[in-house]
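Heads up: the structure comes next, in structure tokens.
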């Protein structure tokens, strides 16, 4: 937690004055945005983000650096909220023919924003920095061959668990989901108040990732029409798996990160979290006293011997179509997410950067505060990224799917009803919505 | 053993006096229980504000904690004093908005009550219908309208829609009807007063108690309104307190250090309204006392 | 001017009561036109705001309800959605949507619990405050009214913490006594938990309205009744309650309207539990359509349906109590 006693606004006004003075002398933008059309006079970029917080000195340092290197540009940080709030505000702003300049959202929100016409195609703008990020990560930011966002961070999927308590219950680290289920049973039998993990029905992306890991493609397209696979066999098998765990009361059904959940993690009643490389910092923020008792390993697999996983979470910077300064905005986004310099700086925000430079830098980083003794944390994460060959394609109506799925699964978990039906109902709703919008569905 | 309250002695039945005393005790008890129940969450939030993040989830709900100053310091310094900026914003939106709204409602209520013109009932019907519309329906169209004139995201974007107050107009019409006698108006007009002068110097003072009510209702309504600023504003420095605390909530999911801030923020944010209510209670008390004396 | 401009201590008549003494005077023809213009002049500023920020948005929302986002065909899988005319499609979607209808059902269920409770308690407290020789009236009146000052979102938050097992005093005590935490969020307790928040927030305000109305009843009526030997209960039942009926209808009406517009309590509590879906009440569904699914047309249509339904029910209530309500025209 940081305490910032100086008003960040007065600092910004001072900077604006300096920028104006500098701007009257210097044309255009220096540094890595060479080649883009420059505008006269100072440019203020409005940046909607939940990761780069004005209250965080590390974040302010990043902004200051860019502004120093690019006189004539000032960045105004705005914390609009999470992905859901940001998306809806962006759409409202777009309708009103005004928009900010750079907007951070999670990857899964990108397609629906693109098809609303609110996002600028930045394929050309990022051509310079293309090589600084792996192609499998660019895929998360693209629809077809067009790029719509610059990646900020990614979530290589990992399992974060309590080493001490696993040992206490005599459970080995699971490498397959079957072993995971057995571990769940062992733990819960030994102590009925303890669970291997929670089951949170509204974590849509997690279930999508589970199905993807099993070989299912919830949305796929050939460029002309969509195919929806939410209820295909591989996916339904994952539904059965979780149904089994919930029915046998081997996982606790509740939302994540509520005071309840936090308390259980603190008290050792929830022993693990199958999520991604960003999980340790989240756990640390709610259960700092448990630091030192955790470790992260690659996610269990559906088939023994496999090693591939999808990404979970992570976010991207998009440039709205109606931004007043699109080139400058794209330049800034490219610098922050896709240059070595920028992505290394992102590391100071406790993010797992998507850019090669940042990823490289993690290898020499100290491990996360939650697991100070796990020296190989970042190596494992890096290896996981290498192994991440499963693409996640998000359709244009993820929101609809998320709503229907979350509600139905919550109800089914409560009633101990069929999870299969939830998946099937979600698929039907998604297809119906796509067709209603006028898309062709196979 | 006779009651001291007036009841003609020769008519008192033996059953009557004891039940009266019993009723009063029972009535008082029920009222006190109700009052205490209403105070429980407020008491809770005040006590909880004194707890540090750890104490919040581990100690009994009403046991005071040790972290009050820490929490106050944390919320003051968060974002460079942003919380207090939010408080000022709330004051601005609610104060100016309620003032403007009260004035316009007073004018409209007076006009509806004391003048006959064609379409008057239609206008009044519109006013009542306005109460039925949920805020969510209006939010996006209002945003688009204001964006078209370039005001979206400014202080005006929250102030202007807040001036509407159908219930206030309704109340003002009622107050104008009952508190302003026609003879007074006639006399003032005969004396040569202009309409606006009559309104300002005669009508407004007569309606004052009602106006205080309308002002209070609108002030509370604007202060507590969440959806309108949520849609209109994207610059955090312009958020009112309710929206600011909500944004804490939205961020707080992953950061348990924010929960104490949310709690102490909530505690602080309800204090001005409570203070306002307590102060303006006097007007009601005078009114109610007068009502009691009136017979 | 010799006219006494202030009339201190003048009691406020119950809403809706108008005596001929204070109704607009029969105007002479010459001054009628002037009076007419002046009247319109006073009403105009408020009406201007009304027009700009209420009527025009409503009109626009109705317009939107006939529009929807459709892909323009040429873009293939990533075609852009554009707004176009879709006729009544949004209305049929809203009326046939199982979730929307279920939400209406829940709101009705909630209303059946909440409205009588709020009104009943408000009436009870108002009557108690008006009973002779009652103590602590100032304290009780202030304390019960205080929750009105708490914003809906914060009230839900506070009660949320009081319901959550890890911070709830009820669960704490239960655990101390050896039992398990009480789950306030499982249906059907959930309805009562939500109604409780509304109760806590709303009783004070309604109580004040009814109490003000009570206070304007001439005390001669009570004297006469006491002379006849009536006890406090009889007085309350036979005199007070019938005379505050207009205030009751008014508060009842606003409670019903508020019930249909239930939103902030379930929305604020939703992240804390899995028993509240994202479309638990109609307004949450509308919010989701508008702000999450980018389906403004659908949201607008659903809002129109909800508003019309509320209007119809309000009219029914008013008509039913027509004889008791004088002057509250609609």
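The values are calculated or read from the model by the stated rules, or taken from the named source; none is laboratory data. Treat the numbers as computed from the prediction; the structure is a model and nothing was measured. Backbone-built Cβ (ideal geometry, glycine too); neighbour counts: all protein chains shown.
Residue under question is residue A:128, and the condition is that it be surrounded by fewer than 18 Cβ atoms within 10 Å (Cβ to Cβ), touching a residue at least 12 places away in the same chain (Cβ under 8 Å), within 18 Å of residue C:294 (Cβ to Cβ) and not assigned by TED's automatic domain parsing to the domain that holds residue A:306; does it hold? No, not satisfied. Screening residue A:384 on (1) part of a loop (DSSP other than H, G, I, E, B); (2) within 30 Å of residue A:293 (Cβ to Cβ); (3) not assigned by TED's automatic domain parsing to the domain that holds residue A:111 shows it passes everything except condition (1). Residue count for segment A:243-282 under the criterion of being without any contact (Cβ under 8 Å) to a residue 24 or more places away in the chain and assigned to a loop (DSSP other than H, G, I, E, B): the result is 2.
For segment C:293-318, how many residues are farther than 14 Å from residue C:89 by Cα, within 14 Å of chain A (Cβ to nearest Cβ) and touching a residue at least 12 places away in the same chain (Cβ under 8 Å)?
Counting residues in segment C:293-318 that are farther than 14 Å from residue C:89 by Cα, within 14 Å of chain A (Cβ to nearest Cβ) and touching a residue at least 12 places away in the same chain (Cβ under 8 Å) gives 1.
Would you check if residue A:198 is modelled with pLDDT under 90, under 26 Å from residue A:399 (Cα atoms) and either surrounded by fewer than 22 Cβ atoms within 10 Å (Cβ to Cβ) or not assigned by TED's automatic domain parsing to the domain that holds residue A:329 (or both)? No; evaluated as a whole, the condition is false for this residue. Run residue A:100 past the list (1) surrounded by fewer than 23 Cβ atoms within 10 Å (Cβ to Cβ); (2) modelled with pLDDT of 90 or more; (3) outside any helix (DSSP H, G or I) and report the number of the one that doesn't hold. It is condition (1) that residue A:100 fails.
Per-residue answers, yes or no, for (1) touching a helix residue (DSSP H, G or I) at 6+ places or on another chain (Cβ under 9 Å); (2) more than 14 Å from chain C (Cβ to nearest Cβ):
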| site | (1), (2) |
| --- | --- |
| A:191 | no, yes |
| A:224 | yes, no |
| A:234 | yes, yes |
| A:241 | yes, yes |
| A:245 | yes, yes |
| A:255 | yes, no |
| A:261 | yes, no |
| A:265 | yes, no |
| A:279 | no, yes |
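Looking across segment A:359-391, the residues that are within 17 Å of the chain's Cα centre (by Cα) and under 24 Å from residue A:272 (Cα atoms) come down to A:381, A:382, A:384, A:385, A:388, A:390. Consider residue A:326 carefully, then state whether it is farther than 22 Å from residue A:64 by Cβ and either free of Cβ contacts under 8 Å to residues at least 60 places away in the same chain or over 15 Å from the mean Cα position of the chain (by Cα) (or both). Yes: the conditions hold for residue A:326.
Taken over segment A:312-358, the criterion of being assigned to a helix (DSSP H, G or I), out of contact with any helix residue (DSSP H, G or I) (no Cβ under 6 Å at 6 or more places or on another chain) and surrounded by 23 or more Cβ atoms within 10 Å (Cβ to Cβ) is satisfied by A:328, A:329, A:330, A:332, A:333, A:337. For segment C:95-120, give me the residue count where each residue is within 13 Å of chain B (Cβ to nearest Cβ) and buried (at least 19 other Cβ atoms within 10 Å of the Cβ). So the answer is 2.
If you go through segment A:382-401 and keep only what is crowded, with 19+ Cβ neighbours inside 10 Å and away from chain C (no Cβ under 14 Å), you end up with A:384, A:385, A:388, A:392. For segment C:1-106, no helices (runs of 4 or more DSSP H) sit wholly inside it while including 3 or more residues that are at pLDDT below 85 and in the same structural domain as residue C:256 (by TED's automatic domain parsing). Criterion applied to B:239, B:259 was being at pLDDT below 85, in contact with a helix residue (DSSP H, G or I) (Cβ under 7 Å, 6 or more places away or on another chain) and either buried (at least 21 other Cβ atoms within 10 Å of the Cβ) or within 14 Å of residue C:152 (Cα to Cα) (or both), and the one residue passing it is B:259.
Conditions tested, residue by residue: (1) facing chain C (nearest Cβ under 9 Å); (2) without any contact (Cβ under 8 Å) to a residue 24 or more places away in the chain; (3) more than 23 Å from the chain's Cα centre (by Cα).
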position	(1), (2), (3)
B:192	no, yes, yes
B:201	yes, yes, yes
B:205	yes, yes, no
B:211	no, no, no
B:214	no, no, no
B:238	no, no, no
B:242	yes, no, no
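Only one entry of C:132, C:147 meets the criterion of being facing chain B (nearest Cβ under 7 Å), touching a residue at least 40 places away in the same chain (Cβ under 8 Å) and not in a helix (DSSP H, G or I), and that entry is C:132.
With a requirement of 3 or more residues that are within 8 Å of chain C (Cβ to nearest Cβ), the helices (runs of 4 or more DSSP H) lying completely within segment B:80-176 that satisfy it span B:82-114, B:120-131, B:135-148. Among the residues making up segment B:181-211, a single one is modelled with pLDDT of 85 or more and within 30 Å of residue B:266 (Cα to Cα): B:211. When residue A:283 is tested against the conditions (1) on the phi < 0 side of the Ramachandran plot; (2) surrounded by fewer than 23 Cβ atoms within 10 Å (Cβ to Cβ), the lone failure is (2). Set side by side, the residues C:310, C:259, C:275 differ, and just one is assigned to a loop (DSSP other than H, G, I, E, B) and surrounded by fewer than 24 Cβ atoms within 10 Å (Cβ to Cβ), which is C:275. For segment C:170-188, residues that are surrounded by 15 or more Cβ atoms within 10 Å (Cβ to Cβ) and in a helix (DSSP H, G or I) total 3.
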